[in-house]
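Q: What follows is a single structure, and I will ask about it in a moment.
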Amino acid sequence: MLKKLIFISVLSVASQAFAQKPNTLITGKLEGLPKEEWIYLMGFGDRQKDSVQQTEKGFKFELDIPEGQGDFYILQAGKMDRSGNMNGAFLFLEKGKLTIQSKTNQLKDAKFSGGKLAGYYNLFQKRPQVAGVKDLYDQLGDAQVKKDTARSADLRKRIDALNEEQQKLDQAFVLKHKNSAGIVYPMFFTLRDRDNLAEVDALLQQVSPQAKNNIPIKNIEHSIKTDKLTGIGRKALPFSQTDTSGKVVSLNDFKGKYVLIDFWASWCVPCRIENPHVVTAYQQYKNKNFTVLGISFDNPGQHNRWIEAIHADNLSWTQVSDLKGWKNEVGVLYDIKSIPSNLLLDPNGTIIAKNLRGDKLEEKLRELLGAPQMDQNTFVLSGKVENPEQYTAFHIRYEGADGKTVADSTRIFNGVFSYIGKVSSPVEVSAYFTKDKEGAPQSYEKYMRFYVEPGALSLTGNTDLPQELQIAGSKTQDENTLYNSLIKDEIEAIKPLNEHYSKKSREYGDLKKQGATEEVLNAKLDELEKLKDSMSPYQKKMRDKQFAYIKKNPNSHISASQLRFFVSSTDLIELEKIYNQMDDDIRNSASGKELAVEIANLKSGSPGCMATDFSGQDINGKLLKLSDYRGQYVLLDFWASWCVPCRKGNPHLLQLYSKYKKKGFEIIGVSDDDTNPAAWRKAVDQDKIGVWKHVLRGLKKSPDGRYDKSEDKSEAYGIHTLPSKILVGPDGIIIGRYASGAGSDEDLDAKLKEVFKF
């Protein structure tokens with residue numbers, strides 16, 4: 001009996017399958033299409049339906065499409081090319097016949113005939129169309145290639161205007177053909193505006209039932225129905241999903257807050273491009289009763305990829321997902337057909353806005369919640385850059401709010417990134433881009449320097465031109481741009497000399513590696529010095545212009561930051577006068593504190609002050625201590641083996657030493673050669689200056705890349721240029737300073753003649 005039942009069941013299924021004959025026939029021929037080329041018929045939702053190779057008679061597809069199940073299909077000859085272009089056509093198919101004939105191998109040249117299916121297609125193609133859209137798109141493509149952002153923006157506005165005009169024509173088309181399923185073409189391609197479903201609903205109310213009896217229109221009607229349940233002014237539908245750790249999170253958990261429900265996915269490029277905007281909005285308003293709830297459309301098995309994207313994009317709010325891709329249950333509940341997409345809820349759970357993208361989200365939050373309120377000392381840097389070299393990471397280095405050096409990085413996705421940091425005041429940062437497994441660039445031109453401060457900042461431009469990138473949102477950086485513009489003419493004029501100097505410097509380095517003689521090396525150093533001399537007039541003009549700005553605008557973070565570079569060349573009294581005009585906010589900033597230390601060091605190394613004692617191992621390995629030379633006049637000579645002016649001045653120092661040594665005069669050379677003691681020793685021997693005392697500066701580099709200045713002898717005297725000399729009297733009081741911005745060698749000679757009366 002059981003065998004009979006099984007046999008009857010199989011027979012029944014077989015007879016049903018035999019009864020389901022194809023009711024849709026597509027035939028055609030593409031002249032010149034290679035025999036080996038495949039022709040594909042694909043559905044929008046369930047991908048490939050069938051594929052055939054064309055014979056001498058052409059090609060044929062047979063389908064069974066039930067009543068009311070008509071839908072769009074893609075007919076494609078061959079594969080897509082690398083640019084995403086295809087030899088294909090979008091066709092609405094239901095029960096019927098369609099014949100396609102082309103005298104070329106291109107479907108765009110084909111003629112469609114055979115009945116109502118061809119009638120739908122041809123009617124749509126021949127409908128009234130606004131002229132000039134294609135030409136504007138071509139112009140837009142050209143503008144984007146040329147990176148003409150202003151022209152691109154203008155062309156987009158003109159395209160939008162023409163598209164709106166086309167929508168009006170298509171609405172009229174639908175009403176004229178309201179009894180035909182052919183309306184599915186304009187409804188699907190130009191009129192299904194998810195941001196204006198009420199208007200779409202009003203239009204479809206005027207269309208006959210038979211014209212709407214197909215999958216695309218039914219989907220639009222479903223969206224309209226869902227929008228009426230989840231539209232603006234409606235209560236958000238409740239839901240629950242698990243977060244990244246598996247904990248169940250409910251929408252009800254967020255009641256009492258403004259909540260942005262953000263639909264996205266790690267694989268969604270537009271979503272990842274949008275994320276920096278959401279990060280900025282969240283950081284600005286999370287302290288004003290606002291939060292974000294991320295709903296990910298990531299696919300099964302993509303948990304790790306989802307987590308990686310959350311961390312890479314700095315998405316620090318709650319994230320949930322069922323990892324079902326487009327079948328995400330919350331997405332289905334809210335009829336989300338495209339991402340990124342979002343809903344903004346008020347504290348009562350009412351939907352008050354939809355699809356707030358870019359600046360629109362921040363504008364809406366400002367309207368609702370007023371001015372932003374970020375965490376103390378926090379800055380958010382959102383980057384959107386042209387990235388022809390496909391860099392994968394943005395690196396940044398600066399002094400953090402805790403006074404420690406921060407060296408950090410963040411991932412770049414399709415030219416966008418976001419970085420969150422903390423600074424107590426405006427600080428200058430150094431930044432650069434890299435690719436995976438690539439070290440820091442060796443070229444200065446690959447670095448950028450700019451100022452950040454607490455708040456929301458943005459970075460735009462081309463990664464190939466890092467020094468031309470634009471920073472917005474920092475008033476300090478705006479002032480820095482103005483400050484640098486003062487010397488743009490001199491920068492341009494000195495550029496060829498700088499390039500020539502870099503070239504000669506590389507030549508010197510190569511010669512040194514090759515073991516060139518001292519004579520050859522010294523000749524090359526002389527060339528470098530001559531180039532320095534030729535740059536000197538331009539450098540003086542730049543310094544004069546910038547110092548004039550600082551004097552005119554002392555109460556400025558830029559002035560505090562940049563005045564540090566003028567400390568060694570400016571009179572102490574004038575420095576203190578400028579510093580005293582700065583308010584407490586400037587003085588307590590990182591730059592202000594550093595400037596105060598610089599001035600204090602300069603003061604401690606100026607006439608009238610007690611010379612700071614120091615000790616260290618001398619060139620012979622013996623302990624040397626400055627205070628051991630009390631009772632003598634001591635000249636502290638700050639120099640280096642690589643400093644050409646220093647070396648050129650040594651013969652004169654030898655004369656002075658010989659002249660005054662027996663009268664109680666000593667010289668202690670303090671060399672900036674901690675990284676190359678061998679060069680220091682060699683220079684002392686070559687210049688025959690081993691007759692006086694020598695120690696190294698004492699500047700050490702720690703493993704984290706920072707400098708340890710605890711034993712730095714130069715720092716205590718405010719030394720920033722070489723050569724510099726400090727003359728200390730027998731009582732330990734400084735009686736002379738001879739450096740850039742202070743006394744000259746002639747002044748030193750005169751002072752020694754005065755004290756020794758000889």
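The values are calculated or read from the model by the stated rules, or taken from the named source; none is laboratory data. In this text the structure is predicted, and so the values were computed from the model without any measurement. Methodologically, a virtual Cβ is constructed for each residue, glycine included, from the backbone with ideal geometry; neighbour enumeration extends over all protein chains shown. The accessibility values were calculated without ligands, DNA or RNA, using every heavy atom of the protein model including side chains. Shrake-Rupley method; radii C 1.70, N 1.55, O 1.52, S 1.80 Å.
Q: Beyond 19 Å between alpha-carbons counts as too far, so tell me which of Lys225/Lys337; Lys603/Lys713; Lys228/Lys337; Lys235/Lys324; Lys530/Lys688 fall in that bin.
A: On the way: Lys225/Lys337 14 Å; Lys603/Lys713 15 Å; Lys228/Lys337 16 Å; Lys235/Lys324 25 Å; Lys530/Lys688 25 Å.
Long pairs (Cα-Cα over 19 Å): Lys235/Lys324; Lys530/Lys688.
Q: From the backbone phi of region 476-492, what are the Karplus-calculated ³J(HN,Hα) couplings (6.51 cos²θ - 1.76 cosθ + 1.60, θ = phi - 60°) in whole Hz, Gly and Pro given as x?
A: Whole-Hz 3J(HN,Hα) from phi for region 476-492: 5, 5, 4, 5, 4, 4, 5, 4, 6, 5, 4, 10, 4, 5, 5, 4, 5.
Q: Which of the aspartates and glutamates could a cross-linker span from Lys551 if the Cα-Cα distance has to be under 14 Å and same-chain partners fewer than 8 positions apart are dropped?
A: Filter leaves Asp571, Glu574, Glu576.
Q: So if each residue of separation counts as 0.36 nm, and I subtract the Cα-Cα distance between Lys540 and Asp510, what length gain in nm does that give? Each step should come with its number before you reach the end.
A: Values: separation 30, 0.36 × 30 = 10.80 nm, distance 3.06 nm.
Length gained, Lys540 through Asp510: 7.7 nm.
Q: Set the Förster radius R0 to 56 Å, insert the Cβ-Cβ distance between Lys551 and Leu136 as r into 1/(1 + (r/R0)^6), and round the FRET efficiency to 0.05.
A: Values: r = 53 Å, r/R0 = 0.95.
Efficiency computed from Cβ-Cβ geometry: 0.55.
Q: Between Asp585 and Asn676, what is the label-to-label distance in nm when each label sits 7 Å out along the Cα-to-Cβ direction?
A: Result for the modelled spin labels: 4.6 nm.
Q: A further question on this structure: Three principal axis extents, largest first, for the C-alpha atoms of region 424-540, in Å?
A: Cα extents, longest axis first: 56, 41, 27 Å.
Q: Another question about this same structure. Given 0.36 nm per residue, what is the gain on full extension from Gln125 to Glu329 after removing their alpha carbon distance, in nm?
A: Working: separation 204, 0.36 × 204 = 73.44 nm, distance 3.76 nm.
Working it through step by step, the gained length comes to 69.7 nm.
Q: Next up: What share of Cα pairs, in percent, lie more than 43 angstrom apart in the chain? Can you show the working numbers first?
A: Values: 145682 of 286903 pairs.
Taking all Cα-Cα pairs of the chain, the fraction more than 43 Å apart is 51 percent.
Q: Quick one: if you stick a label point 7 Å off each Cα along the C-beta vector at Ala198 and Asp708, how many nm between them?
A: Taking the simple label geometry, Ala198 and Asp708 are separated by 7.1 nm.
Q: Here is a follow-up. Taking a 1.4 Å probe, which of Tyr137, Tyr579 shows the most accessible area, and what order do the others take after it?
A: Result, largest first: Tyr137, Tyr579.
Q: Antiparallel DSSP bridges in the chain: what percent, to the nearest 5?
A: Working: 84 of 121 bridges.
Looking only at bridges with both residues in the chain, the antiparallel portion is about 70 percent.
Q: Under 19 Å from a label point 7 Å along Cα→Cβ of Lys146: give me every residue in region 428-462 with its amide N that close.
A: 462
Q: Report ³J(HN,Hα) in whole Hz for each residue of region 542-548, in order, from the Karplus equation J = 6.51 cos²θ - 1.76 cosθ + 1.60 where θ = phi - 60°; Gly and Pro get x.
A: Computed from phi, the couplings for region 542-548 are 4, 5, 4, 5, 6, 5, 4 Hz.
Q: Would you mind calculating the gained length between Ser604 and Met86 on full extension (0.36 nm times residue separation, minus the Cα-Cα distance), in nm to one decimal? Please list the in-between numbers first.
A: Working: separation 518, 0.36 × 518 = 186.48 nm, distance 7.58 nm.
Working it through step by step, the gained length comes to 178.9 nm.
Q: What FRET efficiency would be calculated for the residue pair Val406, Glu56, taking the C-beta separation as r and a Förster radius of 56 Å, to the nearest 0.05?
A: 0.20
Q: Separation between the Glu367 and Gln655 pseudo-spin-labels, each 7 Å from Cα along Cα→Cβ, expressed in nm?
A: It is 8.0 nm.
Q: Further question: Round to the nearest 0.05 the FRET efficiency obtained for Thr291 and Asn414 when R0 = 30 Å and r is the Cβ-Cβ distance. Walk me through the numbers on the way to the answer.
A: Working: r = 26 Å, r/R0 = 0.87.
FRET efficiency, Thr291 to Asn414: 0.70.
Q: To the nearest 20 Debye, how big is the dipole of the chain about its Cα centre, given +1 on the beta carbon of each Lys and Arg and -1 on that of each Asp and Glu?
A: Numbers: 107 positive and 100 negative charges, 312 e Å.
Here the chain has a charge dipole of around 1500 debye.
Q: Right, here's the next one. Counting only protein chains, not ligands or nucleic acids, how are Lys146, Lys235 ordered by accessible area (probe 1.4 Å), most first? All intermediate terms of the calculation are to be shown ahead of the outcome.
A: Details: Lys146 140, Lys235 115 Å².
Ranking Lys146, Lys235 by accessible area, largest first, yields Lys146, Lys235.
Q: Give or take rounding to whole Å, what are the principal axis extents of the alpha carbon atoms in region 479-603, in descending order?
A: Cα extents, longest axis first: 55, 32, 22 Å.
Q: What accessible area, in Å² to the nearest ten, does a 1.4 Å probe give for Thr104?
A: 50 Å²
Q: Give me the percent of accessible area attributable to carbon and sulfur for region 606-756, probe 1.4 angstrom.
A: Values: 3610 of 7300 Å².
Carbon and sulfur together cover 49 percent of it.
Q: Mind grabbing the base-10 log of I(q)/I(0) for region 378-468 at q = 0.24 Å⁻¹? Debye formula, identical points on the C-alpha positions, no solvent, two decimal places.
A: -1.33
Q: Hey, can you rank 713-719, 532-538, 650-656 by average C-beta count inside 10 Å, highest first?
A: On the way: 713-719: 22.7, 532-538: 13.7, 650-656: 15.4.
Highest to lowest by the protection proxy: 713-719, 650-656, 532-538.
Q: Spit out the partnerless Cys residues in the chain, using Cβ distances under 4.7 Å as the pairing rule.
A: Singleton cysteines: Cys609.
Q: Which whole-number value in Å² is the accessible area per residue of the chain, probe 1.4 Å?
A: 53 Å²
Q: Give the residues of region 335-358 whose amide nitrogen is closer than 17 Å to a point set 7 Å from the Cα of Lys228 in the direction of its Cβ.
A: Answer for this model: 335.
Q: Something else about it: Would you list, by chain and number, the lysines whose Cα falls below 28 Å from the Cα of Lys147, excluding same-chain residues fewer than 8 positions away?
A: Straight-distance partners of Lys147: Lys134, Lys157, Lys360, Lys384, Lys435, Lys446, Lys475, Lys488, Lys495.
Q: Mind checking the log10 I(q)/I(0) for region 68-187 at q = 0.12, 0.13, 0.15, 0.18 Å⁻¹? Debye, one equal scatterer per Cα, no solvent, two decimals.
A: The computed values of log10 I(q)/I(0) come out as -0.61, -0.71, -0.90, -1.12.
Q: If you wrap a convex hull around the C-alpha atoms of region 143-269 and split its volume per residue, what is the figure in Å³?
A: Numbers: hull volume 24.5 nm³, N = 127.
In region 143-269, the Cα convex hull volume per residue is 193 Å³.
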